[in-house]
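Shown next, in structure tokens, is the structure this report addresses.
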Amino acid sequence: MKKERISVPFLVLTVLFCTCLIASNLLETKILQFGNFSLTGGFIVFPISYIINDCIAEVWGFRRTRLIIWLGFSMNFFIAIMGQIAVFLPAAPYWMENEPHFNFVFSLAPRIALASFFAFLVGSFLNAIVISKMKVASKGKHFSLRAILSTIIGESADSIIFFPLAFWGMMAVPDLVKLMVLQVIAKTVYEIIVLPVTIRVVKYIKRIEGTDVYDNDISYNIF
């Protein structure tokens, strides 16, 4: 039986993918304000995970993308559990003035993590499936269109699920809807801006890996 080889580029992208997801969950606890527009702190890094999703789906196909999505999910779950344990453990006397701030971040993080778990799975798998199916249909052409369209679909699903679950009751409904719409627009613009870099990275990895997978006749079962 032939063993499947895990390459260095795939390993690096997987580590970066998981790191971005963990960081985004913690950064989501802060709301950023730019003039009249609000975004969550996770905006700084979360779109990178979708770019990596695109790269892996394009180069190695849906099966490898499914692997990193479940790895990211597992690492997020692990950090949420460890954060809760740290919150419940007694604090040192000289740390007490910092305790409320620590507890705010890591007590809010589980709610955000739970919302993120579900939203992330739906959005990431939609992103991977769309780019995979479009690659087969277009015979590998129009990567830019596939990357942007898959991001819009994935990010829209992610935001529709995540924000009501994570922030309901913490802000007015109109502000929540506005935040959801802005996140989708901002993350799509983010993807478009870095698209030239994404294209070069994909071409480089395809060249050094000598692989360009087409998901013909595969099952899109997420498990």
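The values are calculated or read from the model by the stated rules, or taken from the named source; none is laboratory data. Please read all numbers here as calculations on a predicted model, not as lab measurements. All Cβ positions, glycine included, derive from the backbone under ideal geometry; neighbour counts span all protein chains shown. Just so you know, the surface numbers come from the protein's heavy atoms only, side chains and all, with ligands and any DNA or RNA stripped out. Shrake-Rupley method; radii C 1.70, N 1.55, O 1.52, S 1.80 Å.
Things to note:
- Other residues lying with their Cβ under 14 Å from the Cβ of residue 80 contribute a combined charge of 0, Lys and Arg counting +1, Asp and Glu -1.
- Cβ crowding within 10 Å averaged over residues, with 193-201, 32-40, 146-154 ranked highest first: 146-154, 193-201, 32-40
- With every protein chain in place, the chain: carbon and sulfur % of accessible area (1.4 Å): 72 percent
- For segment 100-163, the spread of Cα coordinates along the three principal axes comes to 54, 17, 14 Å, biggest extent given first.
- Near residue 32, the amide H atoms lying under 5 Å from its own belong to 39, 40, 41; only residues 5 or more places off or on other chains count, and H is placed 1.01 Å from N.
- Positive-end residue, segment 136-192 charge dipole about Cα centroid, Cβ charges, pick of 188, 171, 136: 136
- Derived scalar couplings ³J(HN,Hα) [segment 180-192; Karplus, 6.51 cos²θ - 1.76 cosθ + 1.60; whole Hz; x for Gly, Pro]: 4, 5, 5, 4, 4, 5, 5, 5, 5, 4, 3, 4, 5
- Filtered trypsin sites (Lys or Arg not before Pro), segment 1-65: DSSP coil and at most 16 other beta carbons within 10 Å: 2, 3, 5, 30
- P(r) weight above 22 Å for segment 15-119, C-alpha pairs, percent: 40 percent
- Equivalent ellipsoid, the chain (semi-axes from 5 times Cα gyration tensor eigenvalues, Å): 33, 21, 15
- Over the chain: helical MRE at 222 nm, DSSP H runs n ≥ 4 each giving -39500 (n - 2.57), nearest 500: -26000 deg cm²/dmol
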